[in-house]
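Following: one structure in structure tokens, then a few remarks.
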Amino acid sequence: MPSSAAVAYGLDGAETCVRMISPHGVFEPNAAAEEFLPYLDRLTEADHRRFYRDMVVVRRFDTEAANLQRQGQLALWVPSHGQEAAQVGSAYATRPQDHVFPSYREHVVGMIRGLDVVDILRMLRGVTLGGWVPEAHGNFHLYTLVLASQTLHSTGYAMGMQLDGSTATGNPETDQAVIVYYGDGASSQGDANEALVFAASYQTPQVFFLQNNQWAISVPVARQSRTPLYLRASGFGMPGTQIDGNDVLASFAVTAKSMDDARAGHGPSLIEALTYRVGAHTTADDPTKYRDPDELAYWVARDPIVRFRSYLQGRGIEQEFLDAVDEEAADFAADTRRRALEITGPEQSVIFDNVYAEPHPLVAEQKAWLDRYEASFDEGEN
Amino acid sequence: MTVATDTSVTSAALPMTKALNAGLRRAMLDDPLVLLMGEDIGPLGGVFRVTEGLIAEFGDKRVLDTPLAESGIIGTAIGLAMRGFRPVCEIQFDGFVFPGFDQITSQLARMRNRHEGGLVMPVVIRIPYGGHIGSIEHHQESPEAYFAHTPGLRVVSPSNPHDAYWMMQEAIKSDDPVIFFEPKSRYWPKGEVRFGESGTPLHASRVVRAGTDVTVVGHGAMVSVLLQAADLAASEGISLEVIDLRSISPIDYGPILGSVQKTGRLVVTQEAPGFVSVGSEIAATVAERSFYTLEAPVLRVSGFDTPFPPAAVETHFLPSPDRVLEAVDRVLAY
């Protein structure tokens, strides 16, 4: 018996929620999926394999990163277990020229955009506040830890695309758009709502990709909203679509259409992906204190990877491929662990570096003072 | 307006609003990436008319009348700066900056640091501030200390039209975020703006009246109060040296310490509440660096540690020339 939250936001029986693959792995698009079916024609057999491979690899990576945290090698870990389909499908709907503004749980989106996941671990290991140069890593911007702050940055960035003429020229190979990830908890933040206001006002080329994973740490989505979150879009004057977020094909197809529309100058839109945070919020969290085990079981039975594997098996995928993916995932995790343990640094000078772009006397004085102070201990030893 | 930046005109007597307008216009002519954003800054020209005429000249792609949401203005300005633009945001009144405070302090101020130097954040946030205008709540405040306390921000405040013209251009050229406090009680008095004469560096403080007995320091609208106090003191045979701080973060201590070397007495002044304030910081630093030259404790003359009061009693709240002179008398009597 699923909890009330699972019923209210459940995946079963909602005809308005776009779904391509049933929870049992059968391709049976519902009525809401019809307009998005042509976008599936873009996918090759190789794409299907990549979707599966990426979902499996990131889940294994996710487990390894949580283990690293338990062993004291990371300050914190933010699991993505359960949200793989929403993230993989939407990420593959972006084009190289697009810009991606993540929240802080979109590890596989970063991977797909070309980010080395060890760069994510550098931040969570406490050696950097950022970790990578977005323009050199698929335009995947930095994680933002204050909820929904990035929604405004993404909207401003999309306004910039309009102002510098990089979008809506009619050339889908070069026209740019933005996708911003946030969640059901962040949807209550003022910034998320202001971003929707600005996006609608300026008709920015962007997609708001809201992963409703049902929980904001310990608070259920019912406390964030009395209405399905995708319906909020219409109040801001933009299209909103709800998808089965555990269906990677639904995530791909709906995001592909929304991003196409954004690049073509048709303005912003919102996608609510219904999914579930199977793990804890972070490694500092204990969901057994507030979640119904039946609810967890309900969602685990709708696991996005199991579903897509069944789908692929129905299409006759060979077992050797599935086994090879498992092996690749294990190797990836082991390699990540090894490289995570090799992360070193930074120098203490990082305290003072890049606080300002231009010289600042106070920072310069304090940097010089710290150097002198710490050098004084060395002199004492001599 | 066009007169103000006509190259054949070398100087003009302008109110600060028009000097700021000329500075903004000059910056927009010099760099097509400079954008203006804010509430009512388009056809209306802003509630103080600082941006008057600019949308007509530069169009609505350079002058953006925004939705009424300060966090939205700052947050989208950050995104625009990431994209390579140089946004200048207008906050309508001092007390309305706080809905944008998180985006300023947690995002704007740290964005370059978080990116390990991989980007610059050339965003200017203009904030009309201070009292003396007899207005309602949230319209007369001096919140500069909050921003000076935040690493990654630069904070400046001109006291006169000439500085306003030049400091606005310097702030826009800066690759760091600059919080630009405009003393609204000084918006209307005219002063000479010398268009051909490059201004003092953005972060330099400056002696605006030489004296020998007591050093008095202030910024923004306080500078005119200090100059009035110096006139009154002179009539009593007391010589005040007046320093216009101009920059609140960083603070240029050179002229302040040089002056205290000479006078041995320092009074720091501000409209803001004195507790944990810019004046407190200056007092502490001068005590640390110039203890043996001081003949008396450094005194602060500030707004009281209360909310800005109803305008009917603001003259009792705001530091006046007489309140400055009361402190001057105390440091001289020490």
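The values are calculated or read from the model by the stated rules, or taken from the named source; none is laboratory data. Not measured: the values here are computed from a predicted model. Glycine gets a Cβ as well: all are built from the backbone with ideal geometry, and neighbour counts include every protein chain shown. For the accessible areas, the whole protein counts, side chains as well, though only heavy atoms, and no ligand, DNA or RNA atoms are used. Shrake-Rupley method; radii C 1.70, N 1.55, O 1.52, S 1.80 Å.
Below is a table of values for the structure above.
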quantity	calculated
Qualifying helices (runs of 4 or more DSSP H) (wholly inside region B:1-84; at least 1 residues being under 20 Å from B:Lys184 (Cα atoms) and open to solvent by 60 Å² or more (accessible area, probe 1.4 Å))	B:16-30
Only one of B:Pro158, B:Pro128, B:Pro151 that is assigned to a loop (DSSP other than H, G, I, E, B), open to solvent by less than 40 Å² (accessible area, probe 1.4 Å) and at negative phi	B:Pro158
Test for A:Ala280: is it at pLDDT below 95 and more than 30 Å from B:Pro250 (Cβ to Cβ)	yes
In region A:183-210, residue farthest from the other protein chains (Cβ to nearest Cβ) [restricted to those that are outside any helix (DSSP H, G or I) and open to solvent by less than 10 Å² (accessible area, probe 1.4 Å)]	A:Asp184
Residue in region A:309-318 that is of a type outside the set (A, V, I, L, M), within 14 Å of another protein chain (Cβ to nearest Cβ) and surrounded by 13 or more Cβ atoms within 10 Å (Cβ to Cβ) present	no
Breaking point among (1) more than 26 Å from B:Arg112 (Cα to Cα); (2) open to solvent by less than 70 Å² (accessible area, probe 1.4 Å), for A:Asn354	(1)
Residue match in region A:106-113 (condition: more than 14 Å from every other protein chain (Cβ to nearest Cβ), out of contact with any His (no Cβ under 6 Å at 6 or more places or on another chain), in a loop (DSSP other than H, G, I, E, B) and crowded, with 21+ Cβ neighbours inside 10 Å)	yes
Pairs, first open to solvent by 30 Å² or more (accessible area, probe 1.4 Å) in region A:170-181, second part of a strand (DSSP E or B) and at pLDDT 95 or above, C-beta under 8 Å, six or more apart	A:Gln176/A:His99
Region A:53-70 residues that are over 17 Å from A:Ile343 (Cα atoms) and open to solvent by 20 Å² or more (accessible area, probe 1.4 Å), paired with ones that are part of a helix (DSSP H, G or I) and of a type in the set (Gly, Ala, Ser) (beta carbon under 6 Å, 6 or more apart)	A:Arg60/A:Ala329; A:Arg60/A:Ala333
Looking only at region B:133-169, and only at residues there that are among the β-branched types (Val, Ile, Thr) and within 26 Å of B:Ala312 (Cβ to Cβ), the one that is nearest to the other protein chains (Cβ to nearest Cβ)	B:Ile136
In region A:369-382, residue farthest from the other protein chains (Cβ to nearest Cβ) [restricted to those that are under 42 Å from the mean Cα position of the chain (by Cα) and open to solvent by 40 Å² or more (accessible area, probe 1.4 Å)]	A:Glu374
Number of the condition not met by B:Phe58 [criteria: (1) within 11 Å of another protein chain (Cβ to nearest Cβ); (2) of a type in the set (Phe, Trp, Tyr); (3) over 25 Å from the mean Cα position of the chain (by Cα)]	(1)
Enumeration of residues in region B:183-216 that are open to solvent by 60 Å² or more (accessible area, probe 1.4 Å) and either among the small types (Gly, Ala, Ser) or at pLDDT below 95 (or both)	B:Gly196, B:Glu197, B:Ser198, B:Ala210
Tally, over region A:155-182, of residues that are under 17 Å from B:Leu80 (Cα atoms) and under 14 Å from the mean Cα position of the chain (by Cα)	3
Residue list for region A:114-149, restricted to those being facing chain B (nearest Cβ under 9 Å) and assigned to a helix (DSSP H, G or I)	A:Pro134, A:Glu135, A:Ala136, A:Ser149
